[in-house]
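Some notes on the structure that comes next.
The values are calculated or read from the model by the stated rules, or taken from the named source; none is laboratory data. Note that the structure is a prediction, hence the values are computed from the model and not measured. Cβ coordinates were reconstructed from backbone atoms using ideal geometry, including for glycine residues, and neighbour counts include every protein chain displayed.
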Amino acid sequence: MRWLWLWMLTIPPAAAQPVSLSLSQAWSEGPSVTFYLNPRGAGGMPTKLESAEVSATAGARVMKAAEVKGFSSSGEGVAYLVLADVSKSIRPAQFEEVRNAMANFAAGLRKVDRMALITFGDEVRVALDFTADQEKIRNSLDALQATGSRTRLHLALSRALELGQREDAGLPRRRAIVALTDGKDEGSGLNLEDLVNSIRLASIPVYAIGSSRLGEAEKKKYFGELERLAANSGGDFFEASPLLEQSYETMRESVTGGLLARFVCGDCPGAGRAERWTITLKTSGKVLTAVKEVLLPALSASARAAEHTAVPPVPWWRRPMLWFVPAGLAGIMVVLAMVLRRSKHSSPMAPAPVMESSAGVPAPDEAVPSPAPPPVKGMALELVTMHGMKRGETRRFELTGMAVVGRDAQCNLALEKETSLEAKQFELSLSNGLVVIRDLSGKGTTSVNGVPIRGVHPLTSGDVIGAGGAEFRLLIAKS
């Protein structure tokens with residue numbers, strides 16, 4: 001029967017009319033913003049479309065897509081982040097079946113695709129960085145062993161979100177986190193709300209395949225959590241079929257079966273600012289809409305390079321600075337002539353006039369105080385110590401520009417009792433209305449929700465900041 005299932009996978013599904021629409025991912029490149037759209041059929045599965053009329057509303061702007069094409073025929077690749085549960089909660093026979101299903105999935109990668117492998121059990125580890133090398137992938141899968149007693153699923157998803165922010169040359173912009181799991185997290189230290197907030201910011205879809213031996217009550221609870229995570233990310237959730245290879249192929253269809261819609265948006269907010277987008281798709285007499293808060297990522301390396309492309313030199317006769325020189329000299333000559341003419345007709349013995357100021361009106365020669373600069377609008381924050389020398393202590397402060405946090409007494413927020421911190425541990429600042437954090441330790445000992453940070457990382461209320469051996473929960477007051 002196994003060969004029959006595999007043969008059935010090769011039969012293309014019958015064309016279905018879409019009945020709903022969802023936004024899976026967005027990325028920016030120069031003035032262009034590209035959306036990955038998921039038209040869905042009556043059963044909730046993606047419906048393949050090669051073209052459609054797509055428009056968008058964002059703020060006061062109404063735009064028509066400059067280009068719409070089916071993803072599968074676009075030539076674009078996918079960077080898959082595959083999660084593998086290596087806890088001993090999986091029976092040996094099932095573990096081998098999962099390994100074979102992942103190997104079968106990897107064998108179907110296209111030349112433009114990339115795959116990374118993240119294992120989770122007692123610890124979370126990147127077992128394989130992004131690659132298209134089939135031998136490396138197979139060797140990494142063969143090396144998997146069930147060793148852990150816990151399943152740190154939430155931490156693995158958080159690590160995948162961070163890894164999915166990479167901008168390596170040649171790495172596909174389309175990303176997908178793939179996880180076969182029962183949804184139960186043990187020992188991550190990240191609750192569901194922490195993870196949902198991170199997923200909303202990351203704009204990387206999660207495709208969860210639910211497979212569980214838990215009781216019905218627990219199964220319903222954790223599958224519900226997986227559905228929520230997938231929905232908030234723009235991905236999909238579905239229960240595993242008896243043949244795991246089929247589950248992974250169904251997931252692949254979901255990842256690659258949508259549309260790419262590109263908009264030219266020169267006046268869109270910069271990276272790091274969220275904006276509400278409403279996408280409208282018209283096809284076969286149907287009008288489908290999807291609404292999502294979109295946080296555009298930073299420009300890719302190629303786009304940043306394009307912004308700094310050298311501009312051809314302007315001919316000398318068109319350079320305005322060269323015309324300022326003769327114009328300036330002429331102006332000086334006119335002023336000198338007027339001064340000489342005035343001095344010629346004035347009395348040499350005439351005393352200089354005395355300028356007196358009337359009440360409340362300063363004389364022209366008196367210094368006029370400049371107006372005070374408007375107050376800088378800040379953001380009220382709370383830093384609650386969860387683990388450390390001052391556990392339970394809450395520090396309230398207003399962030400208006402930049403605040404350095406560390407053990408040094410000269411820091412804006414000095415935590416002198418927290419001996420595990422560096423003198424200057426991390427920096428908080430405001431960027432386009434968001435609170436962002438940057439590691440200052442130089443040792444990579446600052447983390448957000450259990451994941452070490454590199455560069456600038458956005459924060460949301462409730463995030464847990466790890467610093468040395470201490471942990472702090474950041475709370476942001478609602479404006």
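Remarks
- Filter pass, residue 463 being acidic (Asp, Glu), in contact (Cβ under 8 Å) with a residue 12 or more places away in the chain, surrounded by 14 or more Cβ atoms within 10 Å (Cβ to Cβ) and under 23 Å from residue 294 (Cβ atoms): yes
- Screening residue 384 with (1) touching a Ser or Thr at 6+ places or on another chain (Cβ under 7 Å); (2) closer than 27 Å to residue 163 by Cα; (3) in a strand (DSSP E or B) gives one miss only, at (2).
- Condition check for residue 115: under 24 Å from residue 254 (Cβ atoms), over 25 Å from the mean Cα position of the chain (by Cα) and crowded, with 22+ Cβ neighbours inside 10 Å: no
- Restricting 454, 438 to residues that are charged (D, E, K, R), surrounded by 15 or more Cβ atoms within 10 Å (Cβ to Cβ) and out of contact with any Pro (no Cβ under 6 Å at 6 or more places or on another chain) narrows the list to 438.
- Leading residue by the ranking (surrounded by the fewest Cβ atoms within 10 Å (Cβ to Cβ)) among those in region 22-54 that are within 16 Å of the chain's Cα centre (by Cα) and not polar (S, T, N, Q): 29
- Among the residues of region 182-197, none qualifies, meaning not one is surrounded by fewer than 18 Cβ atoms within 10 Å (Cβ to Cβ) and free of Cβ contacts under 8 Å to residues at least 12 places away in the same chain.
- When 125, 99 are checked against the criterion of being out of contact with any Gly (no Cβ under 7 Å at 6 or more places or on another chain), part of a helix (DSSP H, G or I) and not hydroxyl-bearing (Ser, Thr, Tyr), a single residue qualifies: 99.
- Any hit, region 152-165, residues being part of a strand (DSSP E or B) and surrounded by 16 or more Cβ atoms within 10 Å (Cβ to Cβ): no
- Residues (in a strand (DSSP E or B) and modelled with pLDDT under 80) located in region 38-56: 46
- Qualifying positions in region 213-235 - among the charged types (D, E, K, R) and more than 19 Å from the chain's Cα centre (by Cα): 213, 216, 218, 219, 220, 221, 225, 227
- Residue identified as in a loop (DSSP other than H, G, I, E, B), modelled with pLDDT of 80 or more and among the hydrophobic types (A, V, I, L, M, F, W, C) among 403, 409: 409
- For region 67-101, a residue qualifies if it is exposed (fewer than 14 other Cβ atoms within 10 Å of the Cβ), closer than 28 Å to residue 25 by Cα and at pLDDT 90 or above, and exactly one does: 75.
- Close pairs (8 angstrom Cβ cut-off, 6 or more residues apart or separate chains): under 14 Å from residue 176 (Cα atoms) and touching a residue at least 40 places away in the same chain (Cβ under 8 Å) in region 111-138, among the small types (Gly, Ala, Ser) and part of a strand (DSSP E or B) anywhere: 113/79; 114/79; 116/79; 118/84; 118/127; 130/79; 130/116
- Of the residues making up region 417-433, those that are within 17 Å of residue 383 (Cβ to Cβ) and part of a strand (DSSP E or B) are 426, 427, 428, 429, 430.
- When restricted to residues that are in contact with a Ser or Thr (Cβ under 9 Å, 6 or more places away or on another chain) and farther than 18 Å from residue 164 by Cβ, region 111-136 contains 2.
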